[in-house]
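Below: the structure, in structure tokens.
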Amino acid sequence: MVQARRGWYPFYDEKPPTGMAMAELRETDTAAGGNEAAAFAPGQPLSAALLYRRCDPAELPFAVCSELEEAPGPIGQERAVEALEFAVRMRRRGYNVYALGASGSGRHDLIADLLRHKAATEPAPPDWCYVNNFADPQQPHRLQLPPGRGMRLSAAMKQLVEELAATLPAAFERDDYRARREVIDHQFKQRSEQAFGTLQQRAEGKQITLLRTPTGLALAPKRGSKVLTPEMFEELPPAEREQVQREIEGIQNELEAIMRQVPQWEREHRDAVRDLTRETTGFAIAHLMEELRTGYSDLPVVAEYLNAVERDIEENVDNFLAPLAQQASVPVPGPLEAAIEDAKFRRYQVNVIVDNGGQRGAPVVYEDNPTHQTLVGRVEHMARFGALVTDFNLLAPGALHRANGGYLILDAPKLLAGNYGWASLKRALNSGEIRIETLEQLMSVASTVSLSAEPIPLNVKVVLLGPPALYYLLSAHDEEFAELFKIAADFDDRVERSPETTLLYARLICGVGRREKLRPLDRDAVARVIEQASRHSGDADKLSTSMRAFVDLLQESDQLAADAHKEIIGEAEVQSAIDAQIRRGDRIYRRMQEEIGRKTIRIETDGEQVGQVNGLSVISLGALSFGTPSRITAQVRLGRGEVVDIEREVELGGPLHSKGVLILGGFLGGRFGKTRPLSLNATLVFEQSYGGVEGDSASAAELFALLSALADAPIKQYFAVTGSVDQRGQIQAIGGVNEKIEGFFDACRIAGSTGGHGVIIPASNVKHLMLRRDVVAAATEGRFAIFAIDTVDQGMELLTGVPAGTPDRDGQYPAGTINQRVAARLDALTAKALELTRNASAAEPRQ
């Protein structure tokens, strides 16, 4: 009942037997040879050998585990390893991996080790850089370079800028440049002066002077050396005035023609200066650029970039010539000047977003926070003059960039919970490229200008780690998932327990101890850890592969050995670590056991009761699970053949529990209702149950209570029952059998019972028994017993001491048997129902 996750550790009311008692227990186990070696008969208590499969330290070929070599690989994960190895070899699109398995199984370390081993044999991927697009700075260009050459190019560009800052000012200070510049300036000045001088001479010959005024050039008549005023000009004869006016207009036209030519002369002057500047710049930087090109002559993309750099330097050489403070007519603050100077030369930097210079083999990257920005990168910003600005230098890489050319490991739950991480990963894998963009760009809601960097080709193998439920959910509801993650690596949570795997487990313990720098374990301690691994798996013939609990136990045992000033971890330290883990989490369990002892929770452990049986359930709290008994009662009365589950009626019963109760009706109908109608109404309830009830592991106990009520046969209350039942009366296996048995054992002890108690379990659960040693010791001494049954009849005989009875050819059961008494009760109920029906019909008035 209440099927929960099996806990790793058992519960103890007292310390387990030690010394001679433990030795005697081991001798008993060894003589029996394990759970499969000893047989059992229905109705007889199970032998101690069947209650706990011990790992015999004498069979371990070492004294201390440090004598062993480490295990060659994971234990029992051949299927998952084969899938991973195939996916690594498969270099086609979509063959990424989803590694499904239980949490704490050690998948991450196993996968990382396997991928690193494979990656070490592969070449290192190239470097990736972003550089300025001088034609459109909003769309930076990508550069692909061999490993390590990206940082060298970045350093070379920084050195180039530093050298140009010294070389170019010197080049423009040389005498040859000054002389050629003076020639160009003189030619422009000479042309202008010659044109205006010629015009001046013609004007002078016509008694017209050319005046320079604040508003420009002006023409005025003169006589001799004296310029005529407007009043003097008006005093001239009309004919003379008209002649002067015509001559002024002619000179004015010539002046305008010259003025129209001045912008062209200035343009020619600027072009000449620009050509001189380019020539001087080109000559000054030629050897530097050629030296730089020589180092990257094997990379055409770099050569093309360097050509663009050279053209831009020639166009913007003024940035290298005079500091801002010398150009400005007013003082410039130092921080502002530094920011402007930095902005001038950022355009020539190289942003190396992936540097594989120190990489040996392909990269293996684990991203523990897989969101949009941490996967595909981000566009950063910086404050400049009161605003946020960005450029190609502020493009930051993501995990896909770092893992490009190698392997990327992600946690699937974190990926789906992350900020658009799953959508961004699928988009990158589908397109085969990494595109750095903001979330606003991704969602098409960007309202500001941002960068649109050239995408980088993607070649990566992605491994997702997650629970099986998430894998099946994605497979069913995400159409792209099956196309992108074609390989499922299914990690098993347990392995077969055999001499070979036992030794491998011992070697695994040795390896963990070395990696975690723990004290070595002696053979008794190793044997105890292996036994706990079997307990954790919920099967005496299996070993758990849960590495988390396994490593935790070793680390805590090491600390206890350190506290005791021991150099070797012994069995006592391992057992003490187990006990301490239990004590840290069993407060609720102890409180429930205390209330059973105080009779607050009523559990009958002595005497006999009709229609009442002790059922068993499992409650899971965090990492611990524990069993607890519950009184199940049944009442029978005249009715219409219904078995009513009170838990279901009040909506406290889950669907599996309700199914189990409905099966009881099928059993009654199949066994007793073939020749008669069932005229009963039965109610079943978990007494003092105030929470939800789920699972069908109490269906056998409910059936026993119901049969007891029908047959009026008392059930021995010093038994507890667990198991599910089918419609044919076969008892079926359930989960948490160890916790349930131990829960009833503790309840009997705290209630003051002196012995003779026991638990009835399905025969198919015997192979799962790995009981606490105090329970095994009590069974060995005859104070407690576990019985295994296959059928309902076997269980009723144990619980009531009355034979169940086998039907004869006519379907009749022997007198006094349980089945005969049930059939007789049902016949009596049917007869009573018929009698009431006839009486009711007779009492109706005739028409």
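What do you get for trypsin sites (Lys or Arg not before Pro) in the stretch 529-576 restricted to DSSP loop and a cutoff of at most 15 other Cβ within 10 Å of the site's Cβ? Can you show the working numbers first?
Working: sites: 535, 542, 548, 566; in loops: 566.
Answer by residue number: 566.
Quick one: if you stick a label point 7 Å off each Cα along the C-beta vector at residue 441 and residue 185, how many nm between them?
4.7
Using the Karplus equation 6.51 cos²θ - 1.76 cosθ + 1.60 (θ = phi - 60°), what ³J(HN,Hα) coupling, rounded to whole Hz, does each residue of the stretch 159-174 give in order, writing x for Gly and Pro?
Once rounded to whole Hz, the list reads 5, 4, 4, 4, 5, 5, 4, 9, 6, 5, x, 5, 5, 8, 9, 6.
What does the accessible area of residue 222 come to, in Å² to the nearest 10, when a probe of 1.4 Å is used?
That residue has around 30 Å² of solvent-accessible surface.
Which listed residue (412, 388, 264) has the Cα farthest towards the positive end of the charge dipole for the chain, taking +1 on Lys and Arg C-beta and -1 on Asp and Glu C-beta about the Cα centre?
It is 412.
What size of dipole, in debye to the nearest 20, comes out for the stretch 117-162 about its Cα centre when the only charges are +1 on Lys and Arg C-beta atoms and -1 on Asp and Glu C-beta atoms?
Working: 5 positive and 4 negative charges, 25 e Å.
With Lys and Arg at +1 and Asp and Glu at -1, about 120 debye.
Compute the long axis of helix 334-345 from its Cα atoms, compare it with the longest principal axis of the Cα atoms of the chain, and write down the angle in degrees, 0 to 90, nearest 10.
Roughly 90 degrees, rounded to the nearest 10.
Within the set of other residues whose C-beta is less than 12 Å from the C-beta of residue 438, count the net charge using Lys and Arg as +1 and Asp and Glu as -1.
Taking every Cβ under 12 Å from that of residue 438, the sum is -1.
When the distances between all Cα atoms of the chain are binned every 20 Å from zero, what whole-number percent does each bin get?
Spelled out per bin, shortest first, that is 12, 26, 22, 16, 10, 7, 5, 2, 0.
Take the residue pairs 674/740; 716/832; 542/740; 674/832; 118/426 and return only those whose Cα atoms are more than 27 Å apart. Mind showing how you got there, number by number?
Working: 674/740 36 Å; 716/832 30 Å; 542/740 20 Å; 674/832 19 Å; 118/426 25 Å.
Where the Cα-Cα span goes over 27 Å, the pairs concerned are 674/740; 716/832.
At residue 159 and residue 674, where each label point lies 7 Å from the Cα along Cα→Cβ, what is the point-to-point distance in nanometres?
Spacing of the two 7 Å Cα→Cβ label points: 9.9 nm.
Tell me which residues come under 5 Å, amide H to amide H, from residue 725 once H is placed; ignore anything under 5 positions away on its chain.
When sequence neighbours closer than 5 places are left aside, the close amide H contacts are 699, 700, 732.
Note down the net charge around residue 508, summing +1 for each Lys or Arg and -1 for each Asp or Glu among other residues with Cβ under 13 Å from its Cβ.
Working: positive: 507, 514, 515; negative: 69, 70, 109, 500, 516.
My count for the surroundings of residue 508 gives -2.
Residue 380 accessible area, nearest 10 Å², 1.4 Å probe?
So the heavy atoms of residue 380 present about 70 Å² to solvent.
If you stretched the chain out fully between residue 580 and residue 754, how much longer would it get, using 0.36 nm times the residue separation minus the C-alpha to C-alpha distance?
Details: separation 174, 0.36 × 174 = 62.64 nm, distance 2.80 nm.
Contour length minus Cα-Cα distance gives 59.8 nm.
Between residue 639 and residues 5 or more places away or on another chain, which pairs have amide H atoms under 5 Å apart, with H built 1.01 Å from N, and which residues are they?
Sorted by chain and number, the residues that satisfy this are 680, 681.
Which whole-Hz ³J(HN,Hα) couplings does the stretch 81-95 yield from phi under the Karplus relation 6.51 cos²θ - 1.76 cosθ + 1.60, θ = phi - 60°, glycine and proline marked x?
5, 4, 5, 5, 4, 5, 4, 5, 6, 7, 9, 9, 5, x, 8
Could you point to the residue in 841, 802, 816 farthest towards the positive end of the stretch 705-847's charge dipole, with +1 and -1 charges on the Cβ of Lys/Arg and Asp/Glu respectively?
Of the candidates, 841 comes out farthest on the positive side.
Quick check: with the 1.4 Å probe, what order do 479, 122 take by accessible area, largest first?
Details: 479 170, 122 30 Å².
The ordering from most to least exposed comes out as 479, 122.
Straight-line reach from residue 767: which aspartates and glutamates fall under 17 Å, measuring Cα to Cα and dropping same-chain residues less than 8 apart?
Within the straight-line cut-off, residue 767 pairs with 29, 36, 496, 531, 539, 541, 739, 742, 790.
Compare the Cα positions of 526, 736, 83 along the charge dipole of the chain (+1 at Cβ of Lys, Arg; -1 at Cβ of Asp, Glu; about the Cα centre) and return the one farthest towards the positive end.
After comparing all options, I get 736.
Which aspartates and glutamates have a Cα lying under 17 Å from the Cα of residue 599, excluding residues fewer than 8 positions away in the same chain?
Straight-distance partners of residue 599: 687, 746.
In sequence order, what are the phi-derived ³J(HN,Hα) couplings for the stretch 578-589 according to the Karplus relation 6.51 cos²θ - 1.76 cosθ + 1.60 with θ = phi - 60°, rounded to whole Hz, with x for glycine and proline?
Running phi through 6.51 cos²θ - 1.76 cosθ + 1.60 with θ = phi - 60° gives 4, 4, 5, 4, 5, 4, 5, x, 9, 4, 5, 4 Hz.
Among all the lysines, which ones have a C-alpha under 23 Å from residue 344's C-alpha, if same-chain residues fewer than 8 places away are not counted?
158
Using Cα centres only, tell me the gap between the stretch 596-613 and the stretch 494-570 in whole Å.
40
At a Förster radius of 56 Å, what calculated FRET efficiency corresponds to the Cβ-Cβ distance of residue 606 and residue 381, to the nearest 0.05? Write out the running numbers ahead of the final one.
Details: r = 78 Å, r/R0 = 1.39.
The value I calculate is 0.10.
Taking the Cα centre as origin and putting +1 on Lys and Arg beta-carbons and -1 on Asp and Glu beta-carbons, what dipole magnitude results for the chain, to the nearest 20 debye? Don't jump to the answer; show the numbers that get you there.
Details: 95 positive and 117 negative charges, 307 e Å.
Rounded to the nearest 20 debye, it is 1480 debye.
In terms of modelled amide H atoms, which long-range or inter-chain residues lie less than 5 Å from the amide H of residue 784?
756, 779
Could you please report the charge total around residue 553, scoring K, R as +1 and D, E as -1 over all other residues with beta-carbon less than 12 angstrom from its beta-carbon?
On the way: positive: 528, 535, 548; negative: 516, 531, 552, 556, 558, 573, 579.
Residues near residue 553 contribute -4 overall.
The values are calculated or read from the model by the stated rules, or taken from the named source; none is laboratory data. All figures in this text were calculated on a predicted structure; none of them were measured in a lab. Neighbour counts run over all protein chains shown; Cβ positions are idealised from the backbone, glycine included. What goes into the accessible areas is simple: the full protein's heavy atoms, side chains included, and nothing from ligands, DNA or RNA. Shrake-Rupley method; radii C 1.70, N 1.55, O 1.52, S 1.80 Å.
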